[in-house]
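A.B. asks: Input: one structure, supplied below.
The values are calculated or read from the model by the stated rules, or taken from the named source; none is laboratory data. From a predicted model like this one, the values you see are computed outputs, not experimental measurements. In this analysis, Cβ positions are derived from the backbone assuming ideal geometry, glycine residues included, and neighbour counts consider all displayed protein chains. Each accessible area value is taken on the protein alone, full model and side chains, heavy atoms only, with ligands, DNA and RNA left out. Shrake-Rupley method; radii C 1.70, N 1.55, O 1.52, S 1.80 Å.
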Amino acid sequence: IKSGSFTGADNYVYLISIPYSKELAPDLNTFCENATAIYNLNDKIKSAYPVGAGGIAEAVTKMAFGNKIGVNLNLIPGSRIADKNDSETAEALFVPRYGSIIIETEKELTSQELKYAGLSAENITLIGNTQKEQAIAISSSKLPAMSISLKELENDWESTLAKVFPPVSSAKPEDSYP
């Protein structure tokens, strides 16, 4: 794994996820199995990023910001919370998925590679591909197609605290000492 940011266009983007109980407790055994599998796939993974409070949306956005490489999401998997069917919904993009990880690979992973790594097919989902266009696009069959430019997203993200932490400092440099 070389980066937390997407590394190139036309690569494959996967979600490695863990199930949760009705009480919202993550399955820690599955988490450990997934961590071992990621270690075993290390030479095939170009980038990886943990999914946190902002869900898939936050993770892929931060991955895209790093090298200004866009992503097209064509499958939005459900949250894997017991008794909850929320796949292919806009809300599923923002569900916190602690313990889940987004990975980017140059080639599509085969079932044989997944088996060798020890990754169960139910724990990995191909959710999209990186793209040259600097945008985050959704082309899921059950959601309206949309695309938001990385520039627009970055401006919105930075503007939240711009008054407190200006993106460009207006301070004048101090004289340097010899």
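A.B. asks: Checking residue 147 against (1) part of a helix (DSSP H, G or I); (2) farther than 15 Å from residue 10 by Cβ, which test does it fail?
C.D. replies: (1)
A.B. asks: For the stretch 115-132, give me the residue count where each residue is out of contact with any helix residue (DSSP H, G or I) (no Cβ under 6 Å at 6 or more places or on another chain), over 30 Å from residue 147 (Cβ atoms), touching a residue at least 12 places away in the same chain (Cβ under 8 Å) and not aromatic (Phe, Trp, Tyr).
C.D. replies: Of the residues in the stretch 115-132, 1 are out of contact with any helix residue (DSSP H, G or I) (no Cβ under 6 Å at 6 or more places or on another chain), over 30 Å from residue 147 (Cβ atoms), touching a residue at least 12 places away in the same chain (Cβ under 8 Å) and not aromatic (Phe, Trp, Tyr).
So that you can scan it fast, the table gives a plain yes or no per residue for (1) modelled with pLDDT of 95 or more; (2) open to solvent by less than 10 Å² (accessible area, probe 1.4 Å); (3) more than 14 Å from residue 100 (Cα to Cα); (4) touching a Lys or Arg at 6+ places or on another chain (Cβ under 8 Å):
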residue	(1), (2), (3), (4)
19	no, no, no, yes
22	no, no, yes, no
26	no, no, no, no
29	no, no, no, no
48	yes, no, no, no
54	no, no, no, no
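A.B. asks: Further question: Of the residues 141, 120, which is open to solvent by 30 Å² or more (accessible area, probe 1.4 Å), small (Gly, Ala, Ser), closer than 23 Å to residue 32 by Cβ and modelled with pLDDT under 95?
C.D. replies: 120
A.B. asks: The conditions are (1) touching a strand residue (DSSP E or B) at 6+ places or on another chain (Cβ under 9 Å); (2) open to solvent by 10 Å² or more (accessible area, probe 1.4 Å), and residue 42 fails exactly one of them. Which is it?
C.D. replies: Unmet condition: (1).
A.B. asks: Within the stretch 84-115, how many residues are touching a Lys or Arg at 6+ places or on another chain (Cβ under 9 Å), open to solvent by less than 60 Å² (accessible area, probe 1.4 Å) and modelled with pLDDT of 90 or more?
C.D. replies: The qualifying residues number 6.
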